[in-house]
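> Quick one: structure below, then a few questions.
The values are calculated or read from the model by the stated rules, or taken from the named source; none is laboratory data. Everything quoted here is computed from the prediction, not taken from an experiment. Note: ideal-geometry Cβ built from the backbone for every residue, glycine included; neighbour counts use all protein chains shown. Accessible surface areas use protein heavy atoms only, side chains included; no ligands, DNA or RNA. Shrake-Rupley method; radii C 1.70, N 1.55, O 1.52, S 1.80 Å.
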Amino acid sequence: MYYAVSIAILVTMGLALVRAILGPSVYDRVLAANVFGTKTVLLLSVIAFLYGRPDFLDLALTYALINFVGVLAVLEFFQSRSRADAQTGGDQ
Amino acid sequence: MELTLDILSWILMTTGGLFVLIGGIGALRLPNIYTRMHAASLTDTMASILVLTGIMLQAGFSLATIKLMAILVFLLLTGPTASYAIANAALLSGMRPDAAETSPDKAKTPTEPSA
Amino acid sequence: MIVVVFGVFLLTILVVTAVAIVRTENLFVAVMLMSIFSLLMAANFFILDAADVALTEAAIGAGITTVIFLGALALTARREEAVSSGRMVPLAVVTVLAMVMIWATFDKPRLGDPDAPVHQHVAPWYLEKTPELIGIPNVVTAVLGTFRGYDTLGEVFVVFAACIGVLFVLSAGGLRDRSKEADAESIGLKHHLIPKVVGRLLVPFIVLFGLYVQFHGEYGPGGGFQAGAIIATGIILYALLEGETNALRALPRRVLLGMVVGGALLYTLVGVAGMLLGGNFLDYSVLASDPVVGQQVGIILIEAGVGITVCGSLLSIFHAFAAREAS
């Protein structure tokens with residue numbers, strides 16, 4: 001049954017990658033990266049048990065904790081960019 | 001007892017896998033960013049709960065279960081927050097949620113943030 | 001068998017991602033694809049049973065690279081400049097190099113082949129001697145910490161030199177004077193209540209988990225590099241939530257530079273202490289009366305040095321990017 005779940009997760013990773021490459025907006029890519037992050041956490045948890053090495057769960061825990069720092073950085077990036085654009089009146 | 005647990009965890013994990021797939025298809029096929037986010041984030045949360053609970057039943061009562069619980073708690077906290085952050089960033093850049101819009105490729109959604 | 005299929009599938013989408021990164025002109029899209037690339041890389045390492053490497057990739061790739069890339073992106077243009085001429089020579093060079101590398105792989109033993117030279121020569125010795133000489137379960141930490149202590153010392157100094165180099169490059173030109181400007185410039189995500197509450201909740205857990213990885217490195221996957229990166233991520237999260245200024249108030253630049261220097265010094269001093277106590281440089285057996293305990297003490301000390309240096313370097317680089325004026 002671990003196999004069934006892993007295959008579902010891998011297929012979804014493929015779908016998310018297609019979304020990340022197609023876009024069209026940059027937010028689709030952020031969303032795809034985020035989906036990818038959660039799916040990686042799940043995949044790592046499942047595979048840790050597939051291998052019978054539960055101490056490898058630390059890795060999934062790392063991702064669960066710090067994946068979202070990247071997404072927050074994106075939010076901060078757009079926020080400061082829109083503020084900078086508001087000051088200079090946009091540079092493009 | 002053992003068998004019941006196995007069947008239960010099997011059901012949980014398979015349903016979780018199904019949710020994962022549905023979310024992936026939704027994130028690929030739905031027409032605009034907000035609907036796609038809707039599909040991806042909700043199924044993400046549900047699938048995490050189902051899959052991780054399924055594994056927990058397999059792990060029994062051990063350190064691994066505690067770690068899995070921690071993973072689940074952190075995923076439940078960060079997943080929706082990340083979705084909020086993305087939606088907020090999209091909204092800040094001037095993309096309006098528009099229910100009438102159906103085509104993903106029409107130039108109505110800007111392909112770049114309207115900087 | 002089916003795990004091999006997983007590996008092949010992951011490698012395939014890894015290649016697709018890499019091609020997409022090269023093809024895209026929008027730098028922000030490239031950053032997002034890089035984060036996906038890093039996730040795939042970690043999953044691949046994990047499937048190959050290399051948990052320590054996977055943890056390093058996770059700690060660096062999940063948060064810090066994205067943050068630092070975005071910091072760099074804020075200072076530069078949003079699109080790659082189109083290059084129209086002079087592409088033939090690089091193409092030829094790359095093609096030739098790729099052919100040579102592919103040709104070289106034909107001489108490699110098959111993946112996981114027990115008869116491969118690497119499995120005949122030193123690896124069995126490490127596996128056999130680690131419990132006897134060092135007495136810790138994680139052989140990777142034993143190899144990095146003591147058997148190949150010189151290599152790890154070199155790596156720490158590479159991190160040190162890289163940090164100094166980045167600081168030099170970034171401090172050329174105008175630094176923005178943060179202290180005089182009002183806090184308006186660095187409000188962070190103060191207006192976003194949900195990320196702020198959740199983030200504040202997570203910061204202590206990230207730092208705690210980093211310390212766990214640091215001190216659990218002898219027993220499971222982990223060690224100084226990973227721990228330093230995870231703790232740095234926690235503090236960067238704080239900086240994102242509360243603004244640069246507040247993060248610098250908590251950990252001023254001087255302290256960060258002290259960490260960079262101090263960690264490398266701690267590692268070296270452990271080596272020198274071994275010499276003073278009558279052993280060789282980086283010979284930890286003499287640090288305690290029992291050689292095995294001495295080895296463990298040495299490993300804990302040098303891992304702490306590594307962690308401090310990595311954490312200090314990553315934070316210094318982060319702040320250096322944030323302090324630059326966009327040109």
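> Rounded to the nearest 100 Å², what is the sum over both chains of accessible area buried where A meets C, with a probe of 1.4 Å?
4800 Å²
> With a 1.4 Å probe, how much accessible area is buried between chains B and A, both sides summed, in Å² to the nearest hundred?
So the buried area, both faces added, is about 4100 Å².
> Please check: in the Gaussian network model of chain C (C-alpha springs, under 10 Å), which one of C:Pro137, C:Pro114, C:Pro90 has the largest mean-square fluctuation.
C:Pro90
> While we're here: Quick one: pull the percent of accessible area on region C:118-327 belonging to carbon and sulfur, 1.4 Å probe, ligands and nucleic acids left out.
69 percent
> Using unit Cβ charges (K, R positive; D, E negative) and no other charged atoms, how large, in debye to the nearest 20, is the dipole of chain A about its Cα centre?
With Lys and Arg at +1 and Asp and Glu at -1, about 160 debye.
> Note down the net charge around C:Val166, summing +1 for each Lys or Arg and -1 for each Asp or Glu among other residues with Cβ under 14 Å from its Cβ.
Here the count lands on +2.
> Okay, moving on. Mind checking which of C:Ala98, B:Thr35, C:Pro195 is farthest towards the positive end of the protein assembly as shown's charge dipole, using Cβ charges of +1 (Lys, Arg) and -1 (Asp, Glu) about the Cα centre?
The one lying farthest along the dipole's positive direction is B:Thr35.
> Which is farthest toward the positive dipole end of region C:238-312 among C:Val270, C:Gly312, C:Leu248, measuring Cα position about the Cα centre, with Cβ charges +1 (Lys, Arg) and -1 (Asp, Glu)?
C:Leu248
> How big is the Rg/Rh ratio for chain A, C-alpha atoms only, Rh by Kirkwood, two decimals?
Here the Rg-to-Rh quotient is 1.15.
> Here is a further query. Say we join alpha carbon atoms closer than 10 Å with springs in a Gaussian network model of chain C; which of C:Leu314, C:Leu237, C:Leu111 then has the biggest fluctuation?
Looking only at C:Leu314, C:Leu237, C:Leu111, the largest GNM fluctuation is found for C:Leu111.
> Got a sec? Which residues of region B:7-22 lose 50 Å² or more of accessible surface with every protein chain in place, vs. that chain alone, 1.4 Å probe?
Flagged in region B:7-22: B:Met13, B:Val20, B:Leu21.
> Mean residue ellipticity at 222 nm from the helices of chain A, using -39,500 (n - 2.57) per DSSP H segment of n ≥ 4 over the full residue count, to the nearest 500 deg cm²/dmol?
It comes out at -30000 deg cm²/dmol, rounded to the nearest 500.
> Hey, what do the phi angles of region C:66-82 turn into as Karplus ³J(HN,Hα) couplings, whole Hz, using 6.51/-1.76/1.60 and θ = phi - 60°, x for Gly and Pro?
Listing the rounded values in order: 4, 4, 6, 4, 5, x, 5, 5, 5, 9, 10, 6, 8, 10, 6, 7, 6 Hz.
> What list of ³J(HN,Hα) couplings, whole Hz, do you get for region C:279-295 from phi and the Karplus terms 6.51, -1.76, 1.60, once you set θ to phi - 60° and write x for glycine and proline?
Coupling constants for region C:279-295: x, 8, 4, 6, 9, 7, 4, 8, 6, 9, 5, 8, x, 5, 5, x, 4 Hz.
> Would you mind getting the accessible area per residue of the protein assembly as shown, heavy atoms of the protein chains only, 1.4 Å probe, in Å²?
Accessible area per residue: 46 Å².
> Of the heavy-atom accessible surface of region A:2-87 (probe 1.4 angstrom), what whole percent is carbon and sulfur?
Carbon with sulfur: 64 percent of the solvent-accessible area.
> Mean residue ellipticity at 222 nm from the helices of chain C, using -39,500 (n - 2.57) per DSSP H segment of n ≥ 4 over the full residue count, to the nearest 500 deg cm²/dmol?
-22500 deg cm²/dmol
> Let me ask something else. How large is ³J(HN,Hα) for each residue in region C:126-131, as worked out from phi by the Karplus curve 6.51 cos²θ - 1.76 cosθ + 1.60 (θ = phi - 60°), to whole Hz, x for Gly and Pro?
3J(HN,Hα) across region C:126-131, in whole Hz: 4, 5, 6, 8, 4, x.
> What whole-number distance in Å separates the alpha-carbon centres of region C:202-274 and region C:127-156?
22 Å
> Which residues of region B:57-79 show a drop of at least 20 Å² in accessible area when all protein chains are present, compared with their chain alone (probe radius 1.4 Å, heavy atoms only, ligands and nucleic acids excluded)?
When all protein chains are present, B:Gln58, B:Ala64, B:Lys67, B:Leu68, B:Ile71, B:Phe74, B:Leu75, B:Leu77, B:Thr78 each give up 20 Å² or more of accessible surface.
> Let me ask you something else. Probe radius 1.4 Å, ligands and nucleic acids ignored: give me the carbon and sulfur share of the accessible area of region B:2-92 as a rounded percent.
Of all accessible area on region B:2-92, carbon and sulfur atoms account for 80 percent.
> Let me ask another. Skipping prolines and chain starts, which residues have an amide H placed within reach, meaning under 5 Å, of the one on C:Leu277, given they are 5 or more residues away or on another chain?
Close amide H contacts, sequence-distant or interchain: none at all.
> State to the nearest 20 debye the size of the charge dipole of region C:118-327 about its Cα centre, where the only charges are +1 on K and R beta carbons and -1 on D and E beta carbons.
640 debye
> To the nearest 20 debye, what is the magnitude of the charge dipole of the protein assembly as shown about its Cα centre, counting +1 on the Cβ of each Lys and Arg and -1 on the Cβ of each Asp and Glu?
With Lys and Arg at +1 and Asp and Glu at -1, about 1240 debye.
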